[in-house]
Amino acid sequence: WITGRRRSSGGERSSMDVLEFEMLESSVPVRDNGKINQPFDLRRGRWKLNPLAYWTYEQVWDYIRKQHKKLPYNVLYEKGYTSLGDEMTTDLPRSSNNTTRDAVDAFERSGRFMGMSNRTECGLHSHIQKVKEQKQQALEAGEEFNAPTLICDECVDLSVDNFENKITTVDEGRELLVEFYSPYCGGCQEFAPTLNKLANHLSLNVPKMQVARFDITENEIPHINDEELFQVEVTPTLYRVRYTPSFHVEFYKGKHDFDSILRWLTVTSTTDEEAAGKRKVDILRRKERGRRKRLGGSHSVPRDPHLHSF
């Protein structure tokens, strides 16, 4: 996989190498004749070649200009755009008076994913339309159109047929983390190893939490009891499905990295358990006060032994 990514774009790219091997975090060992293959086996991940890793924005355009008209580029750059992505989430860059090299490079991507906390997303509607157009073009050309495979060993793949049943039916005490994604979306492809790692971690350490995913390019997201519970504008989008104290869903607004998502899942679980324990204490205390009142409010009345442990 040859890319045009550069360190100067910032974020996760700032520490990348010219040549990388991106592990897919699969927990399923790849075996051949009973022997585990080398760690760089292509079934375990993919090579990324980033020949422009140490170039700056200015160097890229200096090279383009020196090539005169030999090197084509998107005409939108002539209209002021400095970085192009999905139509729904690409805008003109933000103005800046800072002329340092770092500021110029940051300015380059400042028009991407405007108003979104996560800058590795694909806009839903235009993205689906593009996928449909590509599928139609492949069909007319008599070519196969295969979706990229995003590995997630412990994920439950949702479809229209099993969506409602999987979402609304769950064992007592369990919860669901649901990803809405597109296998064609670059942001989803980048996030796939993180989701796989997260699913594997939860399976081993937080078994009550199950990870599921729904491909938005295959079908529209089903309603639950005629209600649109899951509103998705970009991919990847994460929701948490909870069943206590009653069935409800929660939208994830944080960063799409392993630590942030895991913290969201585990901290809120701990907080809920503490809140449930506090509610239990309050109920017992109200019962105790009622019991004392019925017995005349005497201070000599023995306390309920269940309260001694709280």
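The values are calculated or read from the model by the stated rules, or taken from the named source; none is laboratory data. Since the structure is predicted, the reported quantities are computational estimates derived from the model, not experimental observations. In case anyone asks, the SASA skips ligands and DNA or RNA and just uses the protein heavy atoms, side chains included. Shrake-Rupley method; radii C 1.70, N 1.55, O 1.52, S 1.80 Å.
Rolling a 1.4 Å probe across the protein heavy atoms gives segment 133-223 an accessible surface of 52 Å² per residue. The radius of gyration of the Cα set in segment 190-242, together with its Dmax, comes out at 12.9, 35 angstrom. Shape descriptor for segment 141-210: Rg over Rh equals 1.04 (Cα atoms; Rh from the Kirkwood inverse mean 1/r).
All alpha carbon pair distances within segment 127-249 were sorted into 5 Å bins beginning at 0; the resulting P(r) in whole percents reads 2, 10, 19, 21, 19, 14, 7, 4, 2, 1, 0.
Within the accessible area of segment 183-226, the carbon and sulfur atoms contribute 42%, probe 1.4 Å, all protein chains present.
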